[in-house]
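To keep things clear, I will list the structure first and then write my remarks on it.
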Amino acid sequence: MRKFTKLILAMAVPVAAVLAGGNANAGTMITDWNYENLFGFGSSAPASVTGSLNNGFTNFTIGSLDANPSSGDPTKLSWGVDAGFGLSSLTLNGNNGIGRTSGSVVTNGPFVFDVSLTHNNFPISGETLTNALLVGSLMLESTAPIAGIPFGPITGHFAIKFKETPNIAGTCADGLVLGIPCPDIFVLDPAGSSPLTNLFLATVDGFNYFLDLDLAGLTSVGPEACAAVGQGPGCIGFVTPENLSTTVKLSFDIRATPVPEPGSLALLGLGLAGLGFGRIRRRK
């Protein structure tokens, strides 16, 4: 009988697990998976921000019939008073319906697409976005050589801090003096966000499985820009020039490593600062 270890991932709660009677010899590694990510904005501020293009999926369509935590959440946030160019906005896009991405991923292979976020920056007046919470829930299902094992849903939270800068020339919040309107500032707040790397999923048949996230397009921004949104030096994000759009893409991979010999694991700190929660179930 194949051995399964069920683990619950608790947000920002590191644990140490004693793997008594661990499997010294690795069994069969899962190499191929289908995946589905359902996402939306869980919250935003101030109240004048308008949500639209709501996620219409009630349940996941692979792995199980688990409820979609983002069902009904908007995938587009708009704000401000139109000055003739359109409203500024943040928009989430997938590859398979509003609020959904699906595809396949290979263990220890390349990163695969998860979701993209676009900031459309236009000159506006009135109240502007200050923060938002992007929520994504990932369901995995093994396809080879062991088929039909669902992992998840694994829910991640990504806190966004945003600064709409004055649409005038002068000294900007990013510390640069420009003869054009100042760029807006978008950063990720780590205090309210899930970790991006080395997320432990589970142990199956002698292999530990981990998930890594990659935010292509997010880079370290200057200390002045970080301070403008209440973050310390070295925060990551981007600045968006006026009348332009900026897109960042979230992708992920899955890694597997053999479970070490029991003698080397007496006490193993798994550091489960997780994406919310996860579970493994056997399909009957």
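Brief remarks follow.
- Glu224-Asn198 FRET efficiency (beta carbon distance; Förster radius 35 Å; 0.05 resolution): 0.65
- Computed extension length for His157-Asn243: 28.1 nm, one decimal, from 0.36 nm per residue of separation with the Cα-Cα distance subtracted.
- Less than 5 angstrom separates the built amide H of Ala216 from those of Lys249, Ser251, all sequence-distant by 5 or more or on a different chain.
- Once both labels are positioned 7 Å from their Cα atoms along Cα-to-Cβ, the gap between Asn54 and Ala191 label points is 3.2 nm.
- The equivalent ellipsoid that matches the C-alpha gyration tensor of the range 125-167 spans semi-axes of 41, 9, 6 angstrom, in descending order.
- A Förster radius of 22 Å, combined with the Cβ-Cβ distance separating Ala67 from Thr257, puts the computed FRET efficiency at roughly 0.10.
- If R0 equals 30 Å, the separation of the Cβ atoms of Asn96 and Thr31 corresponds to a calculated FRET efficiency of about 0.85.
- Computed with the Debye formula from one identical point scatterer per Cα of the range 43-142, without solvent, the log10 of I(q)/I(0) at q = 0.13, 0.16, 0.17, 0.18 Å⁻¹ comes to -0.55, -0.75, -0.82, -0.88.
- For Ser43 and Thr118, the difference between the fully extended length at 0.36 nm per residue and the C-alpha to C-alpha distance is 25.3 nm.
Where a number appears in this text, it was derived from the coordinates with a stated rule and is not lab data. Note that the coordinates shown come from a computational prediction; the quantities given were computed from them, not determined experimentally. Every residue, glycine as well, gets a Cβ built from its backbone with ideal geometry; the counts of neighbours run over all protein chains shown.
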